[in-house]
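Only one structure is covered here, and it is reproduced in the block below.
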Amino acid sequence: MIWLARLILPHRNLIAILALLLSACTSLPEKSDITFGKERFVYALHGTDSPAVVFEAGLGGGMDSWAPIYESVATFTTAFAYNRRGYGESGKPAEAHKNATKGEVTKATGEMVVDAILPGTSTILTLGAIGNRRSLDESAPRSGAAIVEDLHGILKQTGVEPPYLLVGHSLGGLYTMLYAKTFPKEVAGLVLIDSMHPEQTERCKQYLSEKECDPEHYPWWVKTLIKLTPAVIRSEMRGAAETGRQIRAAGHLPSVPMAVISHGKPDSPEQDRMWATLQQELAGESMNSRHIIASKSGHNIQSDQPDLVIQTIKNMVMQARQNMGIPQ
């Protein structure tokens, strides 16, 4: 498997893992709980003005993955981040005992290490393939439609008014695209940060070998790592391909501004070729889009080049306000 070439350089992987561990220990300020249905969800809400920026984290990241940029965004508009069902305290029964913050950070840390072991694009290339193998785990798939419904209800419950500038990282990019298509009148713009493509799992074999796209050929220790990941990760892995199908079935994106930010650090020639093609296609989903290459970044661009992401979000907020007729 070509993506395993990065594991040949253990010091490079160690740096990546340490970076993720450090980012996982940084917690967003002013977290609160709400009861949605009969469950508790954790969120952070800071800043003022419209449009509100709604952050959707990637697989295993959780809301704290936005710590490098969250407070800066809150200086110029409303910033909202939350934990999806299964992350930290979110999704637990409302009356359940609340765990200490330390436990939540530890859990998030473990989840984020997955992206260091299966780095960047290679992780999300194979989500759908992993999800098709029931032998790896018995967790039920969780697709974007359920996540979008949760987010829609949570935003209403917390009083965060639309329109929203949706910011999604990695697998979270799929969820924001589906939200925009499901509730188009609530969306002022999209920022996709190294986002997965809706057809990515199906098109893997156009660029990479069958061994790299089929989890049946993964090394035993990779299969073991997947088995050991938290249930929420396995559940979202299994639902990723279905999320892509839901996005395609939902029609076109609303006519709103969009920015696609793609990592610029190389992986392998084959992966880079596929990634460039799919990212360009994402940018082509909107007639009003910008494609930005984060030349100094790996997959976690908000950590590697936070200023670039902050400025992109700010530009999009200003453009949305102009479209909304709000004085600058």
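The values are calculated or read from the model by the stated rules, or taken from the named source; none is laboratory data. Here the structure is a predicted model, which means the values were calculated and not measured. Because the Cβ atoms are built from the backbone with ideal geometry, glycine has one as well, and the counts that use them run over all protein chains shown.
Would it be correct to say that Ile293 is more than 16 Å from Ser170 (Cβ to Cβ), surrounded by fewer than 19 Cβ atoms within 10 Å (Cβ to Cβ), of a type outside the set (Asp, Glu) and touching a residue at least 60 places away in the same chain (Cβ under 8 Å)?
no
Condition check ((1) closer than 26 Å to Phe36 by Cβ; (2) surrounded by 22 or more Cβ atoms within 10 Å (Cβ to Cβ)) across all residues:
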site	(1), (2)
Arg142	yes, yes
Ala145	yes, no
Tyr164	yes, yes
Lys181	yes, no
Pro184	yes, no
Thr201	no, yes
Glu242	yes, no
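Tell me yes or no: at least one residue of region 317-328 is at pLDDT 95 or above and touching a helix residue (DSSP H, G or I) at 6+ places or on another chain (Cβ under 8 Å).
no
State which residue is surrounded by the fewest Cβ atoms within 10 Å (Cβ to Cβ) when the search covers only region 303-324 and only residues that are in contact (Cβ under 8 Å) with a residue 60 or more places away in the chain and under 21 Å from Gly62 (Cα atoms).
Filtering first and then ranking leaves Pro306.
Among the numbered criteria (1) under 22 Å from the mean Cα position of the chain (by Cα); (2) surrounded by fewer than 21 Cβ atoms within 10 Å (Cβ to Cβ); (3) β-branched (Val, Ile, Thr); (4) over 30 Å from Asn315 (Cβ atoms), which one does Thr277 miss?
All conditions are met except number (4).
Mind checking which helices (runs of 4 or more DSSP H) fall wholly inside region 208-280 and carry at least 2 residues that are within 28 Å of Phe183 (Cβ to Cβ)?
Answer list for region 208-280: 231-249.
To keep it simple, each residue is scored yes or no on (1) over 21 Å from Arg85 (Cα atoms); (2) in contact (Cβ under 8 Å) with a residue 60 or more places away in the chain.
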residue	(1), (2)
Arg142	no, yes
His152	no, no
Leu155	no, yes
Gly168	no, yes
Phe183	no, no
Ser195	no, yes
Glu202	yes, yes
Lys205	yes, no
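So, in region 235-283, of the ones that are under 15 Å from Gly172 (Cα atoms) and in contact with a Pro (Cβ under 7 Å, 6 or more places away or on another chain), which residue ends up modelled with the lowest pLDDT?
Among residues in region 235-283 that are under 15 Å from Gly172 (Cα atoms) and in contact with a Pro (Cβ under 7 Å, 6 or more places away or on another chain), the one modelled with the lowest pLDDT is Arg238.
For region 91-192, give me every one of the helices (runs of 4 or more DSSP H) that falls completely inside it and has 3 or more residues that are modelled with pLDDT of 90 or more.
In region 91-192, the matching helices (runs of 4 or more DSSP H) lie at 144-158, 171-182.
All but one of (1) closer than 18 Å to Ile147 by Cβ; (2) in contact with a strand residue (DSSP E or B) (Cβ under 9 Å, 6 or more places away or on another chain); (3) not in a strand (DSSP E or B) hold for Pro29, so report the exception by its number.
Single failed check for Pro29: (1).
Which one is surrounded by the fewest Cβ atoms within 10 Å (Cβ to Cβ), of the residues in region 43-87 that are assigned to a strand (DSSP E or B) and without any contact (Cβ under 8 Å) to a residue 60 or more places away in the chain?
Filtering region 43-87 for residues that are assigned to a strand (DSSP E or B) and without any contact (Cβ under 8 Å) to a residue 60 or more places away in the chain, the one surrounded by the fewest Cβ atoms within 10 Å (Cβ to Cβ) comes out as His46.
Within region 189-217, can you find the residues that are more than 24 Å from His263 (Cα to Cα) and touching a helix residue (DSSP H, G or I) at 6+ places or on another chain (Cβ under 8 Å)?
Glu210, Lys211, Asp214, Pro215, His217
Kindly indicate whether Gly189 is in contact (Cβ under 8 Å) with a residue 60 or more places away in the chain and surrounded by 24 or more Cβ atoms within 10 Å (Cβ to Cβ).
So Gly189 passes the test.
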